[in-house]
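The structure appears right after this line, and notes come after that.
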Amino acid sequence: MSEKSHPFVSLDWPRVSPEESQRRARAFRESMARRRSVRDFSSEPIAPGVLEDAIACAAHAPSGANQQPWTFVIITDPALKARLREAAEAEERESYESRMSEEWLEALAPLGTDWNKPHFTDAPALIVVFERLYGVKELPDGTRKKVKHYYVQESVGIAVGFLIAALTQAGLATLTHTPSPMGFLREVLGRPENEKAFAVLPVGYPAEGARVPDIRKKSLDEVLVRK
């Protein structure tokens, strides 16, 4: 495939000194190490533009064939948040009571989770991330054609990682929530049939006195292999 048929541009990549590179890497590591999944949110509003900047950051994530197969929906309307909470709790109650295996429930036990989802209404904002299972191209004759997307889940997963990191850097707490099944999200939010809910992120500031499980992350030695 030639550059003639697919134009390229010169890469603008600012270089930093090794010392600055080390400083940035350590500062980011320390910031992300303080990140925790939060379930107790304050109703304090989020400053204008912060969520949009974080989503713009997520939208710069790499994706299969640069197809960017994602949609981010910000929800701040209290009535809509309440409706989503009601639907999520109905699904989660059934999961906890009949769908989840004993092994799964045992794995979740240290986190203290259950089907109650107050974070849906307590957090000032929800971000619902949808994966676009395929694209839709408008043809000259007015018809539409499906466009195959590649590595959709991998691409959207990377974008959600970017989003969580950006929100953390902005001083906001998040929770990565994946109610199962999630079909109600597309229905309630009126998204097209080529979109499937990937995750819900309540976003905001932790409530005063918020508590989190006393758990640890694996050490670097446990996850890093050198060859």
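The values are calculated or read from the model by the stated rules, or taken from the named source; none is laboratory data. Keep in mind that this is a model prediction, so the values were computed, not measured. For neighbour counting, all protein chains shown are included, and Cβ atoms are generated from backbone atoms with ideal geometry for every residue, glycine included. Areas reflect the complete protein model, heavy atoms only, side chains present, ligands, DNA and RNA absent. Shrake-Rupley method; radii C 1.70, N 1.55, O 1.52, S 1.80 Å.
Scanning the range 192-219 for residues that are over 16 Å from ALA33 (Cα atoms), open to solvent by 80 Å² or more (accessible area, probe 1.4 Å) and not basic (Lys, Arg), we see that the one that is nearest to the chain's Cα centre (by Cα) is GLU193. The range 118-220 holds strands (runs of 3 or more DSSP E) entirely within its bounds, and those carrying 3 or more residues that are within 28 Å of ARG93 (Cβ to Cβ) and among the aliphatic types (A, V, I, L, M) map to 125-132, 195-204. Of the numbered criteria (1) outside any loop (DSSP other than H, G, I, E, B); (2) in contact (Cβ under 8 Å) with a residue 24 or more places away in the chain, the one ARG35 fails is (1). Residues that are within 17 Å of LYS117 (Cα to Cα) and among the charged types (D, E, K, R) within the range 169-224 comprise just one, ARG211. Applying the set (1) modelled with pLDDT of 95 or more; (2) surrounded by fewer than 16 Cβ atoms within 10 Å (Cβ to Cβ) to ALA61 leaves exactly one unmet item: (2).
Within the range 95-120, residues that are in contact (Cβ under 8 Å) with a residue 24 or more places away in the chain and open to solvent by less than 40 Å² (accessible area, probe 1.4 Å) sit with their Cβ atoms under 7 Å from residues that are assigned to a helix (DSSP H, G or I) and of a type in the set (A, V, I, L, M), at 6+ positions apart or across chains, in these pairs: LYS117/ALA88; PHE120/LEU84; PHE120/ALA88.
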